[in-house]
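Okay, so here's the structure we're looking at.
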Amino acid sequence: MSLKQVNRFWNMSHCKDSFEALINHDELLIDSIGFSNRFNNLLTDNISKSLEQTNFYNSFYQQMNKQFSNEEWEYALVEGIRKILPEPILVERTGGPAEKDHGTDILITLPGLLGKSYGIAIQVKDYRGLMSDGAIKQIQKADYWNNENFTVIDKYVIVTCCLEDDHPEEDFKDIDGVTVLFAEQLESLLKDITTGFIGLDRN
């Protein structure tokens, strides 16, 4: 009697509704997949779906916009940039509560000589339509990172959906050392990431 299997371990019919809900609602599972896995899955899916490069790049950019929003873009871009910047270059997400002090979502650290390092600070905004200069003011705080062994040498704002053509060039070109990458430049960056990942000719 002590070795007899308890019936409830064999019968899972009482869980049927839960199983059906999981099978029929993939979106319930999406948030449980890590950002790294989600990014790589998108790359793999698009490689298998398209042999024509132009369609591939456009599809990848469009799906990135569907899959990621707000701070999720920060995690995705960290994963992607790591694919084109080899070690010992360090790419890390620095967004969070302390961002109010340094205005930086992503910090890229480049090793220098004699123990000195250099930084590229990035602010990411999931903007659509017209953007204001708020993000530019945020990333200008990136001098927070400067010390005797570390100097920020470049500052970028990446906006995921705003089109460059909708913004006057004189308003958003290299303002106080900040470069704005609009949707067109983001798609180009994603091309670099994907071609570096799969070894295709970017052109």
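Solvent-accessible area per residue for segment 65-203 at a 1.4 Å probe radius, Å²? Spell out each step's value before the answer.
Numbers: 7270 Å² over 139 residues.
Using a 1.4 Å probe on heavy atoms only, each residue of segment 65-203 averages 52 Å².
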**Study point:** For segment 99-197, the spread of Cα positions along each principal axis, largest first, Å
**Key:** 44, 33, 23
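Can you pick out the pairs among LYS16/LYS66; LYS100/LYS125; LYS83/LYS116; LYS66/LYS155; LYS66/LYS137; LYS66/LYS125 whose Cα atoms lie more than 21 Å from each other?
Details: LYS16/LYS66 31 Å; LYS100/LYS125 15 Å; LYS83/LYS116 24 Å; LYS66/LYS155 26 Å; LYS66/LYS137 27 Å; LYS66/LYS125 15 Å.
Check vs 21 Å cut-off fails for LYS16/LYS66; LYS83/LYS116; LYS66/LYS155; LYS66/LYS137.
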Review point. Quick one: with all protein chains in place, what share of the accessible area of segment 77-147 is carbon or sulfur, to the nearest percent (1.4 Å probe)?
Key: 57
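Between PHE150 and THR44, what length comes free when the chain is fully extended (0.36 nm per residue of separation minus the Cα-Cα distance, one decimal in nm)? Write out the running numbers ahead of the final one.
Values: separation 106, 0.36 × 106 = 38.16 nm, distance 3.68 nm.
Stretched out fully, the PHE150 to THR44 stretch lengthens by 34.5 nm.
Using a 10 Å cut-off on Cβ atoms, rank the peptides 137-147, 68-78 from the highest mean neighbour count down. If you can, show how the numbers build up before the last one.
Working: 137-147: 17.3, 68-78: 18.9.
Descending packing order for the listed peptides: 68-78, 137-147.
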Point to revise | Computed log₁₀ I(q)/I(0) - Debye formula, equal Cα scatterers, no solvent, segment 106-161, q 0.13, 0.18, 0.27 Å⁻¹ | key: -0.37, -0.61, -1.02
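Could the peptides 122-131, 88-97 be put in order, highest first, of the mean number of other beta-carbon atoms found within 10 Å of their residues?
Working: 122-131: 19.0, 88-97: 13.9.
In descending order of packing, they fall as 122-131, 88-97.
The values are calculated or read from the model by the stated rules, or taken from the named source; none is laboratory data. From a predicted model like this one, the values you see are computed outputs, not experimental measurements. Reconstructed Cβ throughout: ideal geometry from the backbone, glycine too, with neighbour counts over all protein chains shown. Accessible surface is based on the protein model in full, side chains and every heavy atom, while ligands, DNA and RNA are left aside. Shrake-Rupley method; radii C 1.70, N 1.55, O 1.52, S 1.80 Å.
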